[in-house]
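Every number here is computed from the coordinates shown, using simple stated rules; none is lab data. All values derive from a computational prediction rather than experimental measurement. Neighbour counts are summed over all protein chains in view; Cβ atoms, including those assigned to glycine, are modelled from backbone coordinates with ideal geometry.
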Amino acid sequence: MASIAMDKPGATALLMGNEAVARGAIEAGIGVAAAYPGSPTSEVLPTIAGAAEEMNIHAEWSSNEKVATEVAAAASFAGIRSLSIMKQNGANVAADFIVNVNMTGIGEAGMVIFISDDPGGMTSNNEEDSRTITKWLDNPLMEASSAQEAKDMVKWAYEVSEAVNLVVFVRGVTRLSYTKGNVILGELPEKREKKAYFPAIWDMYNPVKSKFTSGPFPVFHKPLHEKLEKARAIFETSTFNRYMGPENPELLIITCGACTSYSTEAVEALDVGHRIGILKLGTTWPLPEKLVGKYLTSTKKVFFVEEMDPFVERSVMELAASMLPETSELAFYGKRSGHLTPYNEQSTDLVIEALRDILGLSYQPRDLNYEKEAEEAVKLVPHRPINMCAGCPHRATFWAIKNAIKLDGRNGFTCGDIGCYSMAFAGPGFFQARTMHAMGSGAGVANGFGNLKQFGFDQPVLAVTGDSTFYHAVLPALVNGVYNKSNFTLLILDNSATAMTGFQPHPGTGELATGEPAPVVDMEALCRSVGAEVRVCDPFDLEDTTKTLLEMMRKESGARVIIMRRMCELVRAKRKIPRPYTMHVDPGKCLGDSCGCDRLCTRILGCPGLMWDSEAGKAAIDEALCVGCGLCADICPVGAIIREEVS
Amino acid sequence: MSSNGRGSRKLIEDVIGAGLCTGCGACVTGCPYMVAYEGRIVVLDKCTVEDGDCYKHCPRTQTDMNAVSEKVLGVPYGAEEVGHALKIHMARSTDDQIKQKAQDGGTVTTLLALALDEGIIDAVVCTRMDEDKVPHGYLARSRDELLQCAGSSYEASFALEAYRKIPHESTDKLAVVGLGCETEALAKMKTDLPINSVNPDHVQLTVGLFCGWALRSNTFHPFLRGLCDPSQAVKFDIPHTPHYTFDVYTSSETKSLSLDEIRPYINPACQYCWDMTAEFSDISVGSAGSKFPGWNTVIIRTGTGAKLVELAEKKGIMETQPLPEWRLSHLKTVALNRKRTAFKNITEKTGDKNDLLYVGGLSEGVIDKLRED
Amino acid sequence: MAAKTLPKEPFNFIVAGVGGQGNVLLSAFVGTALIKEGFMVSVADTFGVSQRGGSVTSHIKISKETPYSSVTLKGKADVILGMEPVETLRTLGEFGNPQVISIVNPRPVHPSGGVAYPDLEEVKQAIVRLCAQTKFVNATEEALKMGNPIYTNIILLGALIGASVLPVDKETVMPILEERFPGELFDINLKAFNKGMELIASA
């Protein structure tokens, strides 16, 4: 709760993994941090930005992860340590730059990328193990197992990065990023003496000595592999790799990252610490083969405990194959054997289950009668679907879209995108978003549909994007749509926020990561300047919005834009803008279940501020959740929902 | 007259999806899930109600003609070609302003304006064309507003949708102007009261309009736009035989199209309609034919209708004359042909000469008379 | 080494609620206070999409000196602070056991999309059956009386501390509260905290 840059070496703070990463980078003396918001990493950059002035750091929200890594690389080129942060999808976006900077080398100062994956896709649109990217790109990779370790690892990663002249990846997962734990703080760095300077080095006669450009490429590829071997040698003796357990264990668990504590706790819960050894790897690519090989020969069974892909599992099995016949007796357990799944999140309970199977153990977490009673009782518990917040303008937008598409009658559809409005693929947005892929893919895919007329395609095409997503990834798609004359309408849901990830500022909000004012990149002017027709609507004016949608859907022209402009409800609340209305339901007028209503407001509109009073058989407003936006009053067929202006 | 567990899903299956929807608008009267738009019923959301008013009141779901006739006309359903009639004659308005806007005799506008004036009714559910001549259901509360509704669009307008505008607890006395399908739907509503919409017993007066078939807005209007600027049109007319034209009058000219050009835009559901003269009304009104330009044929079916017509005559705002026998005979022949054609089309569609789709509650004798080839 | 004693090693504390109830702030307060008392803690909150109207659970694992993962093992909860009745029951289903103690705010938050809420009395009885000890604290009611449902979580914090089921006392929590709610804000939040302590004493 105090500043992340507090000068109290040795003090203990309660920090989440993301905050610990920020602290580690600060302690390492970074000068530049660049990122794009992406759960589960969104807190790292704002934490650094909070201390930016104090510590003389340039902390920025870049428009996307590729730009963020380019920004960080430039700092490294100029002798300033830098950090870039992203979620797993960000690695996909940044990969093209990384593969190239791996060829040219970074600068004198280290560059670290912190990636946090999301097993189980709790805060993502997909499930993906980014570790393979680092292997594919040829970068060293470390995995943190706790907040304390995340801090220490990030700090050390800079030393490694400078020793081998490569970008180093530190990887976490959601559980690491968001779990708070005790972190003992280290020393803050000395004040930076040298000024930033870009040494443009080019040796015509000895291209390998050139920096920051590469060619001929195979000549540069070889040193890249040599750098990796250098990293491997460093990793062989890293204290982030630890063994705990007996000398010749019956079973060896090889684990890394967040799975470390699942493994240790599972062993403790089953009380088999005398039989099982745990090799915890902090450096997982390149694999410290001498170290791992030593432990491979001390046992007969190896069980791999890691999130998602059998990444370490495969590397170790490759190693084991190369060590034949010494390793011919080994039995391997993990993803390949089906003891753990390569999807969904791991947990201590899952590891316990796997160990029970492998070693034939028994384990009863709780009294069997209680178990039965608990199972019965849980049947009462209703499913709690995700929903948009009470007062969310997206609810109004998608209501208008739903109606306009039906009125139009040509089987129109909407291509969805990433943000709070992603929920439109399901009930909260009335099942309107019918495709859902990466950031900006809504407009991208709409482009494709909009050019199928010659094959008889006649369905109106809509695409949605948020304001932040627009600046992040949709511009090229809009340009494509105008240039290639693709027939679709782009809806920019401008709620003045990067809401889903936590209200980070973006190029349209007029604020930097540090809170300082920033120029506003005018969305409307930008769209018009690329040649698109632009309209602006307030989604809460359902009639006008529906009418505009119908008009735009019926045009036959290149890409055109409707900006649905209405502030996010949570932003309104944060800025203490007073609520517009108070709402109540007149039970005398409410038709509820019967013909003429069939619970339209609670069953279909589904705003959390509305509830169903099953005793009275009427709808009612939940005072604790309603924010007084007034939308439901327009939906009620008999005017039973009363909206009163707040004086 | 319950429909045994039928709601919007069944309505879509049995009527809308089966090509039977006439565009009367009864289903959307009390329902937030469906709207009438550009000549079609659009389902915006899915209702789960099992026994819905929409299915009950639709004129193309099972109708017990006898029960409806008893309720609305006080007599069982008979075999009269033009339906139950107390009196049939010709009439026209004496009011110049009304005559100028009228389709033929201005009878409907005159009678309704009178009813409003006398306080017999507070509002009229009727149809009004917008600037582009697309007709929509409308609620008129004054003579001026009624005048805006004068003139035929020859389209199905979902007139009953205007019913929606009347709040549940309203005590307004209403009149309804509609085609045969619309007045049949209203009659069904009176016979089996809607659960939550306005009580149709508030409807004091029903005026039916003769109708042979109706055009569909969503197909006809793109065609019309190709012909002229619809906002310039002042009147549409289909003059009776020997003419065979659809006339569009603008302020500068008259475009006369062969009826064959218009046929593609006729609602296919009309081929199953047996009610040319709007039999479930208090008064039914149509054109008196090309031999009597500017006159209406008026069929008075109930005491309520008779009283109003008498009052109009007494006040001198309407004049009447007897309908010549040959004219009545002609009307009956056309009306009977309509019924027979409808029954033929229906039994072809169902493939069963005993399955008459929505037509039910008739005695064998009546069916045979009407079906006779 | 901690001065206060931990009833069990490790000790599992869960806060169960719904997105928007202030779960995360509450667990952060508790975690920070525990560190001040000299314990090792691991605190995990469910984040992300579940915030928007979904279940939000915070797990806090407390140890004398061993860093554990945060998530409670199946059937191993020691104390549950239930900010919402069915969320409490959901948590008991997975993590409950015959020895668990719970403090519950019996105010339903209805699921959206017209999903029916079960009978509240049945839910409360099921909770009581599945716990060694249950105390109901009407935090939302009191918060609404104070003028804003936002005070619910601080009232519950007071109740939790007052119940003495964790090795944390009021003294340790106060400066943490003061740092987070400076000036005028502190007064109203202190009032909420004290209300919670009052409520648990009479529950």
TODO: Can you find, among A:His437, A:Gly334, A:Thr284, the residue farthest towards the positive end of the dipole of chain A? Put +1 on the C-beta of Lys and Arg, -1 on that of Asp and Glu.
DONE: A:His437
TODO: Name the most mobile residue of B:Leu179, B:Leu227, B:Leu357, meaning the one with the largest mean-square fluctuation, in a Gaussian network model of chain B with Cα contacts below 10 Å.
DONE: B:Leu227
- [ ] Calculate, for B:Glu319 and A:Asp634, the FRET efficiency according to 1/(1 + (r/R0)^6) with r their C-beta to C-beta distance and R0 45 Å; round to the nearest 0.05.
- [x] 0.35
Task: Förster radius 51 Å - calculated FRET efficiency between A:Glu644 and B:Cys228, Cβ distance, rounded to 0.05 - done: 0.55
- [ ] Amide H neighbours of B:Tyr37 under 5 Å, at least 5 residues apart or on other chains, H built in the peptide plane: list them.
- [x] B:Val42
- [ ] May I ask for the net charge around A:Gly515, where only other residues with Cβ less than 15 Å from the Cβ of A:Gly515 are counted and Lys, Arg are +1 while Asp, Glu are -1?
- [x] -3
Task: Global geometry of the range A:581-645, whether rounded, prolate or oblate, following the gyration tensor of its Cα atoms and the 1.5 cut on a/c - done: prolate
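Net charge near A:Asn56: determine it from the other residues with C-beta under 15 Å of the C-beta of A:Asn56, scoring Lys and Arg +1 and Asp and Glu -1.
Values: positive: A:Arg81, A:Lys191, A:Arg192, A:Lys194, A:Lys195; negative: A:Asp7, A:Glu27, A:Glu53, A:Glu54, A:Glu60, A:Glu190, A:Glu193, A:Glu516.
Net of charged neighbours comes to -3.
Neighbour counts of other C-beta atoms within 10 Å: give me A:Thr414, B:Thr48 arranged from fewest to most. Before the final figure, lay out each step's value.
Values: A:Thr414 28, B:Thr48 13.
Listing A:Thr414, B:Thr48 from fewest to most nearby Cβ atoms yields B:Thr48, A:Thr414.
At 0.36 nm per residue, and after removing the present C-alpha to C-alpha distance, how many nm does the segment from B:Gln204 to B:Leu311 gain when stretched out fully? Don't skip to the end; give the middle numbers.
Numbers: separation 107, 0.36 × 107 = 38.52 nm, distance 1.56 nm.
Length gained, B:Gln204 through B:Leu311: 37.0 nm.
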Task: Calculated log₁₀ intensity ratio I(q)/I(0) where the Debye formula runs over C-alpha points of the range B:63-183, q = 0.09, 0.12, 0.14, 0.17 Å⁻¹ - done: -0.29, -0.52, -0.71, -1.02
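As a quick test, which of the pairs A:Lys547/B:Lys173; A:Lys300/C:Lys61; A:Lys8/A:Lys230; A:Lys576/C:Lys191; C:Lys124/C:Lys195; A:Lys151/C:Lys76 have an alpha carbon distance above 25 angstrom in this structure?
Working: A:Lys547/B:Lys173 33 Å; A:Lys300/C:Lys61 34 Å; A:Lys8/A:Lys230 35 Å; A:Lys576/C:Lys191 22 Å; C:Lys124/C:Lys195 22 Å; A:Lys151/C:Lys76 30 Å.
Pairs exceeding the cut-off: A:Lys547/B:Lys173; A:Lys300/C:Lys61; A:Lys8/A:Lys230; A:Lys151/C:Lys76.
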Task: Hz values of 3J(HN,Hα) by residue in the range A:94-103 - Karplus curve (6.51, -1.76, 1.60), Gly and Pro given as x - done: 7, 3, 4, 6, 4, 4, 7, 6, 5, 6
- [ ] Please say if the range A:393-574 is rounded, prolate or oblate, where rounded means a/c under 1.5 for a ≥ b ≥ c the square roots of the C-alpha gyration tensor eigenvalues, and otherwise the choice is prolate for a/b larger than b/c and oblate otherwise?
- [x] prolate
TODO: Can you pull the one-decimal nm distance between simple spin-label points at A:Lys372 and C:Leu120, each 7 Å off the Cα toward Cβ?
DONE: 3.2 nm
TODO: Please turn the phi angles of the range C:63-77 into ³J(HN,Hα) values with the Karplus equation 6.51 cos²θ - 1.76 cosθ + 1.60 (θ = phi - 60°), one per residue in order, whole Hz, x for glycine and proline.
DONE: 9, 5, 8, 9, x, 9, 6, 7, 6, 5, 6, 3, x, 10, 6
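Need one number: % antiparallel among DSSP beta bridges in chain A, to the nearest 5. Could the numbers behind the result be given before it?
On the way: 21 of 78 bridges.
About 25 percent, rounded to the nearest 5.
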TODO: Starting from the amide H of C:Glu84, placed 1.01 Å from N in the peptide plane, find each other amide H under 5 Å away whose residue is 5 or more places distant or on another chain.
DONE: C:Asn105
- [ ] Run the quick spin-label model on A:Ala233 and C:Lys4: label points 7 Å from Cα toward the beta carbon, then report their separation in nm to one decimal.
- [x] 5.3 nm
Open item on the list: How much of the pair distance distribution for the protein assembly as shown lies past 58 Å, counting alpha-carbon pairs only, in percent?
Closed with: 32 percent
TODO: Could I have the simple spin-label model distance between B:Ser170 and B:Glu70, label points 7 Å from Cα toward Cβ, reported in nm to one decimal?
DONE: 3.1 nm
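Rg(Cα) of chain B divided by 2.2 N^0.38 Å?
0.93
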TODO: Determine by what factor the alpha-carbon radius of gyration of the range A:242-359 differs from 2.2 N^0.38 Å, reporting the quotient.
DONE: 0.95
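How high is the FRET efficiency from A:Tyr197 to A:Arg575, r the C-beta distance, R0 30 Å, rounded to 0.05?
Details: r = 42 Å, r/R0 = 1.42.
Once the sixth-power term is evaluated, E becomes 0.10.
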Task: Whole-number D in µm²/s for the range C:29-171 (Stokes-Einstein; Kirkwood sum over Cα pairs; 10 °C, 1.306 mPa s) - done: 99 µm²/s
Task: Karplus-derived HN-Hα couplings along the range C:185-193 (A = 6.51, B = -1.76, C = 1.60, θ = phi - 60°), whole Hz, x at Gly and Pro - done: 4, 4, 4, 5, 6, 5, 4, 4, 4
Task: Least to most buried among B:His57, A:His274 (fewest other Cβ within 10 Å first) - done: A:His274, B:His57
TODO: Take the alpha carbon atoms of chain A, find their radius of gyration, then divide it by 2.2 N^0.38 Å using N residues; give the quotient.
DONE: 1.08
Open item on the list: As a test, work out the antiparallel percent of DSSP beta bridges whose residues both lie in the range A:205-293, rounded to the nearest 5.
Closed with: 35 percent
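Using the Cα centre of chain A as the reference point, and only Cβ charges (+1 on K/R, -1 on D/E), how large is the resulting charge dipole? Debye, rounded to the nearest 20. Before the final figure, lay out the partial values.
Working: 62 positive and 78 negative charges, 243 e Å.
It works out to roughly 1160 debye.
Most exposed first by the Cβ proxy, i.e. fewest other Cβ within 10 Å, how do A:Leu176, A:Leu570, A:Leu166 rank?
Details: A:Leu176 30, A:Leu570 21, A:Leu166 25.
Fewest-to-most ranking of A:Leu176, A:Leu570, A:Leu166: A:Leu570, A:Leu166, A:Leu176.
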